[in-house]
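All remarks here apply to the structure that follows.
The values are calculated or read from the model by the stated rules, or taken from the named source; none is laboratory data. For clarity, every value in this text was computed on a predicted model and none was experimentally measured. Ideal geometry is used to build each Cβ from the backbone, glycine not excepted, and the neighbour counts take in all protein chains shown. SASA here: full protein model, heavy atoms, side chains in, ligands and nucleic acids out. Shrake-Rupley method; radii C 1.70, N 1.55, O 1.52, S 1.80 Å.
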Amino acid sequence: MNPDRRPLIAANWKMHKTLAEAISFVESIQRETGPCSDREVLIGPPFTALKAIRDNLKQQGYSLGAQNCHWEEKGAYTGEISPLMLKDLGCAYVIVGHSERRQLFGETDETVRLKTAAVIKAGMAPVVCVGEVLGEREGGKTFEVVGRQVEGALGGLSAEQMDGVVIAYEPVWAIGTGRTATPGQAQEVHAYIRARISSLFNKAVEKNVRILYGGSVKPSNIDALMAEPDIDGALVGGASLEVGSFKSLVQFNV
Ligand code: PGA
């Protein structure tokens, strides 16, 4: 972690929690952690709980985010949610290009690019997910794949539009498997992404962009991950669902 970049601990609840469960969670976590000034906490519930969480998020340092969106502002897209609707609900962030969306719902670098631009246009910050599958890592293709995804999502943006953009490196083989990348493995890819950002934009964007690690982050491994210089936070699935484990993550030590 670099003190110039405020660490971001993000909960990706995926398709979990009823309204009552979501409200109870956010009431408890805010009570347990108190205000957060040197770190930011992002809650990413399913769409159905966004408004209720917005109404119950009062603690300093807490933000609201969605897990996906469409790239159009409105139109005949049955079942979709537009960035403007999410902004209207109080979202500050939208996760785009999560590997589950890429693998299970047909998202491509092109749709991730469209969504990223639409989220920025609507005045929110995208959390752009990238990461290689196991075969790509074992085949020595990690940098190639991650570089292509980063460029695919961000390539057409200006340096100004990059203000606030967050990247999440999530090796697909580490998501929900209990198999975390080692801090060294993660740092190596984070440093590569940062260098790639420098060549796509400039040194200022390289220095300011926050890059989160995701994939089986838990209380027992967060401190070592956060100690790496290019890891600026975590995108957390499983361990974000329980107040006790998420509190430990929010209260990581460096
Ligand atoms: P996990 O999920 O923490 O359960 O591995 C991370 C994610 O999918 O963002």
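Kindly provide the set of residues from the stretch 76-133 that are assigned to a helix (DSSP H, G or I) and open to solvent by 50 Å² or more (accessible area, probe 1.4 Å), ordered by number. Scanning the stretch 76-133 gives L84, M85, K87, D88, E100, R101, Q103, L104, E110, R113, L114, K121. Condition first: open to solvent by 60 Å² or more (accessible area, probe 1.4 Å), assigned to a loop (DSSP other than H, G, I, E, B) and more than 18 Å from T116 (Cα to Cα). Now tell me which residues in the stretch 36-74 satisfy that. Matches in the stretch 36-74: S37, D38, K58, Q60.
Residue pairs whose Cβ atoms lie under 9 Å apart, sitting 6 or more positions apart in sequence or on different chains, and linking a residue in the stretch 175-194 that is closer than 23 Å to R148 by Cβ to a partner that is loosely packed, with under 13 Cβ neighbours inside 10 Å, are Q187/P229; H190/P229; A191/P229. Within the stretch 1-29, being in contact with a Leu (Cβ under 7 Å, 6 or more places away or on another chain) and part of a helix (DSSP H, G or I) holds for one residue alone: V26. Taking the criterion of being more than 10 Å from the ligand (Cβ to nearest atom), outside any helix (DSSP H, G or I) and open to solvent by less than 10 Å² (accessible area, probe 1.4 Å), the residues of the stretch 193-248 that qualify are V209, I211, I231, D232, G233.
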